[in-house]
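The values are calculated or read from the model by the stated rules, or taken from the named source; none is laboratory data. The shown structure was predicted, so the numbers you read here are calculated from the model rather than taken from an experiment. Don't worry about glycine lacking a Cβ; one is built from the backbone with ideal geometry, like all the others, and counts go over all protein chains shown. Just so you know, the surface numbers come from the protein's heavy atoms only, side chains and all, with ligands and any DNA or RNA stripped out. Shrake-Rupley method; radii C 1.70, N 1.55, O 1.52, S 1.80 Å.
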Amino acid sequence: MPKKTIKKFMPDHHTIKSHKHLQIFGELLHNGNLWHLNRRSVAKAFAVGLFFAFVPVPFQMILSAGMAIIVHANLPLSIALVWITNPLTMPAIFYFCYLVGTWLLGAPEQKFVFEASWQWVVNSLSTIGPSFLLGCGVLATLFSILGYFGIQALWRYSVSKEWQKRSKR
């Protein structure tokens, strides 16, 4: 079930291999294990993609692709999951990261006006930076772990259900 569902939404691997920003990885993109859908590669892809979705830098996809290559995660899925933080969702997600950071530090809330630019991140480091970056790090780690173990559990549950259906036939 998860494999079939994920496969429907996955981008074509030829499109990803030919993407101009991913050409820096060269021959590493031709490793067949980066394109297979199995429980381990998908769980790793969720961990990598969800982690880098919370990293407030403009080149999240490249970082996600590099880490997916290193840990042998499913590359297209790792890259696609970064888009959880897209221009529409980014302000709300990063504001939540900031709130988590202020709560963890016990710092007072300051004015938070998000702009989707690298300049905003650099300028904000002195004011809301510590809270924001701590919140991003904590939530990146938390959702990465939850994604990894959640997919592992969902995959195992799905496979056991399929085995039960087969045994009844």
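Please state, as a whole number in µm²/s, the translational diffusion coefficient that the Stokes-Einstein equation yields for the range 109-169 at 20 °C and 1.002 mPa s, with Rh defined as the Kirkwood radius across alpha carbon pairs. My calculation gives 143 µm²/s for D.
Stokes-Einstein diffusion for the range 34-74 at 4 °C, viscosity 1.567 mPa s, with a Kirkwood radius from C-alpha pairs, works out to 129 µm²/s.
Give the accessible surface of the range 102-143 per residue, rounded to a whole number of Å², with probe radius 1.4 Å and ligands, DNA and RNA excluded.
I get 63 Å² per residue for this part.
Take each peptide in 79-88, 104-113, count the other Cβ atoms within 10 Å of every residue, and average; sorted highest first, the result is 79-88, 104-113.
Of the peptides 65-76, 124-135, 35-46, 153-164, the ranking by mean beta-carbon count within 10 Å, highest at the top, reads 65-76, 35-46, 124-135, 153-164. Rg/Rh for the range 71-160 (Cα atoms only, Rh after Kirkwood) is 1.07. Inter-label distance, Arg39 to Ala92: 3.3 nm, where each label sits 7 Å from its Cα along the C-beta direction.
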